[in-house]
Each structure stands twice: as C-alpha cells, then as structure tokens.
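Asks: First the structure, which I've put down as structure tokens, then a few questions once you've had a look.
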Amino acid sequence: MDIKAIFLGLAFAFMWSSAFTSGSIIVSSAPPLTSLAIRFLISGLIGILLAKRLGQNWNLTRNQWVATFIFGIFQNAIYLGLTFVAMQTIEASLAAIIASAMPLMVGLSGWLIFKEKISTFGFTGLIAGTLGVLLIMGTRISGGVDFFGLTVSVIGMFALTFATLAIRGASSGGNLLMIVGLQMLVGSVVLFGVSSQIETYSVDYSWMLLGAFSYTTLVPGLLATWIWFILVDRIGAVRASTFHFLNPFFGVVIAAIILGESITIMDGVGVVIIAAGILVVQLSRIESLK
C-alpha cells in the first residue's frame, strides 16, 4: 500500500465519519428523507457535470450499471435513509459505531455465505469486534437509548453491508465520478418517492442547517464517495476496507467535539475493541489473498 493510498484512506475515513455529526444537525431541523433526497440530487448533478468535464460518460458496462443501481438503492436510499431517521432519536456517535460494524458483517458474510476461508486470527478479530459493538449497544440500551432508532440504524447497517459486497462491479472499467453521480441520483429518486408519501415538509432554517447541509452534500456525500471508488480501484475492496477501523474513533470524537456528546469509559473501551477487531479481520482477509 503506497503513501497516496494511505492518504486517500485516512481522508475517506474522516469524511465518512463526520457525516454522522453533520447529519444529526440536519435532522434536528428538517425532515430526514426529504433532506437526503435533495442532497443526493445536488451531489449527483454536480458529480455528473464534473465527470462530463473530465471526459467521462455513462456508457457503463453491464456490471457497472447493476452495481450502480444496487449501491444507489441500498447505500444511499436504504442505509442513509434509515440512519438519518434513526438520528432523530439516537446520538450521532452511536449511529457511527453501528455503521462501523459493516466490515465485520462483510467478513462474516464472506465466511457464512461465500464460504471464504478465515484464519483463527481473523475469526478472533471478528468475535472481538462483534463483542465491542454489543458492549456499547448494551450500555446504551441500559442507559435508555431509543429502541426504535437503534433498530432502524442496525437495519441500515445491514443494507450498507450488502451495498459494500456489490461495489467491486462498480469500481472497475473507468468512469468513476460518473458512477458516483449516477448512484446518487438513483438514491435521490427512491428517497423522493418515499418521502412524498410519509413526510411533511417543515424546516427550521438557520445558518447551522445551511452549513451542515452544504458540508454533507459536498464532502461526505460527493468527495468521500469519489475517494472511496478511487481507493477501491487502486488497492482493491478488501484492502480499502481496512481503513474502516478508524471510523468508530473518528465518529465518536467528531460528535463529541461538534455536538458535545458524552463519551463514557465503556464507549471508549468498546470503540477500541471494535477498531481492533475490524483491523484484525481486514488484515486477515488481506493475508488470505496472498
């Protein structure tokens, strides 16, 4: 893994983790699904226009089109839609921790569904990471966390896992920025359809809302997704996913600094265990590819 890949991975992890804090600010003042639909519409159009300026086109391969639709529906519409709904009642740090369990679920899916071999080292990391998630969730539940928000966030994490398993088809064949824009438009269409049926448009406008929306649209929404595709194309999905071990730490710290969310000793212990588990699982998967 070269220096550029490391830089891209660190940048992606920070941007991805920060989205939970900016998202929490948005849903406190605006309907979650409608906000996401507008965000993806803007991000998608910007991505497509930039891609056209760079000479890219939407003449994608069949696998790229399939993966683009799957990614747009399961990550953008289902995962982020459910996560935004959940953050109306749970803290951004908890949503970030739950989403960070995705690499563990990818590893578990590879073992159970795709019959991928996993070493004792990797299996230990899988168990440790899972226990870390359960530790934090158990602590939050005993502390009175909203169970609906927690459940919705967990369901969203499973949708993210499925989207991640489908990403390889979208990361090869070029036109990466065009794919980013198109999959965001897919998510926007789905979210507009759902939000029009279940949400009432009511917004408490403020500079904080405008800043959070702009940041979420351009940085985690567009830039981070583009970086992720570049990273996967450069070093592969398995190696790229290694950087997810930083997400629990970044997610909790950013939420604490910006939103003033409290961090308990058990949260700290759980985050360390989850990060270590994710790192061990990903290192084990990298080793199995050699």
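Asks: Considering only TRP228, TRP207, TRP111, give the residue with the highest GNM mean-square fluctuation for the chain, with springs between Cα atoms whenever their separation is below 10 Å.
Replies: TRP207
Asks: Please report the relative contact order for the chain, taking Cα pairs under 8 Å with a sequence separation of at least 6, and give it as a percent rounded to a whole number.
Replies: Once divided by the residue count of the chain, the mean separation gives 41 percent.
Asks: Something else now. For the chain, what is the mean residue ellipticity at 222 nm derived from helices alone (per DSSP H run of n ≥ 4: -39500 (n - 2.57); sum divided by total residues; nearest 500 deg cm²/dmol)?
Replies: Calculated at 222 nm, the ellipticity per residue is -24000 deg cm²/dmol.
Asks: Taking the Cα-to-Cβ direction at PHE148 and at SER28 and moving 7 Å from each Cα, how far apart do the two end points lie in nm?
Replies: Each label point is offset 7 Å from its Cα along the Cβ direction, giving 2.0 nm.
Asks: Based on alpha-carbon centroids, what's the gap between segment 267-282 and segment 62-120 in Å, whole number please?
Replies: Measuring centre to centre over Cα atoms gives 17 Å.
Asks: How big is the Cα convex hull of segment 3-289 in projection, averaged over all directions, in nm²?
Replies: Spelled out: convex hull of the Cα atoms, projected over all directions, averaged, 14.7 nm².
Asks: Top mean-square fluctuation among MET208, MET105, MET184, Gaussian network model of the chain, C-alpha springs under 10 Å?
Replies: Highest fluctuation among the options: MET208.
Asks: Sticking with this one: Output the DSSP H helices from the chain with an along-axis C-alpha extent of no less than 18 Å and a mean Kyte-Doolittle hydropathy no less than -1.0.
Replies: What comes out of the filter, once short or polar helices are dropped, is 3-27, 32-53, 120-142, 147-165, 176-198, 265-289.
Read-outs throughout are calculated quantities, based only on the coordinates presented, and are distinct from any laboratory measurement. Here the structure is a predicted model, which means the values were calculated and not measured. Ideal geometry is used to build each Cβ from the backbone, glycine not excepted, and the neighbour counts take in all protein chains shown.
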